[in-house]
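Values in this text are rule-based calculations from the coordinates and carry no lab data. Since the model is a prediction, treat every value here as computed from it, not as a measurement. Positions of Cβ are generated from backbone atoms using ideal geometry, with glycine treated the same way; all protein chains shown enter the neighbour counts.
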């Protein structure tokens, strides 16, 4: 498509930019609609878990609820606290939102459908997802108020702690796939289990890592049971207490976009990405993007399920889990996996 | 352009009055350094720079700087008395830089880049190239740098760790190991009777 644009009347430079702008929009617009429906799905799943109906008034089955909320937020007045550090205060939600969208650039939707097929794709996602903390910590500091500040500090410590174990978990998968490229990681899962299942998840050596990655992803995206940064009972709403209107909406969108990104990353690393679950020819007729979206939906359901059922952790327990349980375990598992690959396979030969 | 932004944000780090703003400018400088690495084709290094420096080190910086309660008036009080020492330090650093620059000019004639340690192979990704070099030729240096970091870490822990007595701690293993039989007594007291414990 990029070549076609470059060869058209637009010329090589304008055509290049135009083609990429269209490709980026082709990812971002469905993503934002997906985020709106993720919020709706979240509320419906919690409602179902609590025997309620959930949103059901706006549109058929309440399907337009998120858009109505978005419109309402859009029309409200932006209030900037007098004591706030204005520049940083306004920059924080923008960073949060942008960073959540950045990671999607390297997610492969099929063998060809990937915006930037770079060599170090997984490192790129890891780098970008570690930036999300800046949005939170900056908003916490710039609000110049107690609760946001405490929320920001909590979140910074939490995200840095869990990133370490996420890094080691990613390394085990990278060792298995012997590549940092996300498309190679997806393809390495083709028929790995019994020659028929296209998933790393059912690999006995990687399954514990999948569980740990899921829990770390909950912590990384500040989802319950690890939503300490915005624990209502203690911190009002944490770092977003002072935000209103569109700035608040950007946090909200960014949060859900980050959750969906984590789901996408998990499906790429452990559930076979755009590959169908079984290595069976008729299943390949369905486009890869559909499989990926189905897997993301499944994982998102798990996220919402956890939200509806598990009580919040205490902060010291959260830190204990991150540093004293996950970090040694994942480090040990890197040794186990590399030892297995070294001595029982010919991968490193 | 990237180098220009690095210089500008580096200047802003020093000039901004608010230490938190300084750290934010520093992060911008890190980002642009990663951009420079990318343009040199060292994508692995660029990503590691963002992950380690921006994602972890700068967060901790920001963390510490935000918690510090700095009194600027007090800081400026001692400015004059520290000035001579600061000037000497700056002079030494500048002299070192000049000497190093002179040495570089002598080694590599201008316009001709210094030869890389190994020739860049076209078919090897730079992650593999780095690994092949670090784990063979520089294996001992690599291990030694790891030891230095470990020592620093242990040192920091030893310096700051305080053993406090009389603090109640949660022992998760003990909690999980408790059985209902040890913890609960089921009784059925009659009307007007108490429970004997």
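Just checking the output field for A:159-165: average partner chain Cβ neighbours within 10 Å of each residue's Cβ?
Counting Cβ atoms of other protein chains within 10 Å of each residue's Cβ and averaging gives 2.
With a ≥ b ≥ c taken as the square roots of the eigenvalues of the C-alpha gyration tensor of region A:151-295, please select rounded if a/c is under 1.5 and otherwise prolate if a/b is larger than b/c or oblate if it is not?
prolate
State whether region A:40-101 is rounded, prolate or oblate according to the following rule on the C-alpha gyration tensor (a ≥ b ≥ c being the square roots of its eigenvalues): a/c under 1.5 gives rounded; otherwise a/b larger than b/c gives prolate, and the remaining case gives oblate.
Note, shape of region A:40-101 comes out prolate.
How high is the FRET efficiency from residue B:5 to residue A:347, r the C-beta distance, R0 45 Å, rounded to 0.05?
With R0 = 45 Å, the Cβ-Cβ based efficiency is 0.60.
Along Cα→Cβ, 7 Å out, is where each label goes; now give me the distance between the ones at residue A:75 and residue B:132 in nm to one decimal.
About 6.4 nm, to one decimal.
Using only atoms on other chains, find how many Cβ atoms lie within 10 Å of each Cβ of peptide A:121-129 and report the average.
Mean shielding by partner chains, rounded to a whole number: 4.
I need the shape label for the protein assembly as shown. Rule: rounded when a/c is under 1.5, else prolate if a/b > b/c, else oblate, with a, b, c from the alpha carbon gyration tensor.
Note, shape of the protein assembly as shown comes out rounded.
Say R0 is 35 Å: what FRET efficiency, to the nearest 0.05, do residue A:7 and residue A:28 get from their beta-carbon distance?
0.85
Estimate the FRET efficiency between residue A:112 and residue B:193 by the formula 1/(1 + (r/R0)^6), using the beta-carbon distance for r and 51 Å for R0, to the nearest 0.05.
It comes out at approximately 0.05.
Can you give the helix-only mean residue ellipticity at 222 nm for the protein assembly as shown, where every DSSP H stretch with n ≥ 4 adds -39500 (n - 2.57) and the sum goes over all residues, rounded to the nearest 500 deg cm²/dmol?
-20500 deg cm²/dmol
Per-residue counts of other Cβ atoms within 10 Å, averaged by peptide: what ranking do you get for A:6-14, A:253-261, A:84-92, highest first?
So the order, starting with the most tightly packed, is A:253-261, A:84-92, A:6-14.
Give the distance, in whole Å, between the Cα centre of region A:127-182 and the Cα centre of region B:1-20.
24 Å
What nm distance separates the two modelled labels at residue A:305 and residue B:39, each placed 7 Å from Cα along Cα→Cβ?
Simple spin-label model gives 4.9 nm for this pair.
Any idea how far the Cα center of region A:17-78 sits from the one of region A:270-349, in Å?
26 Å
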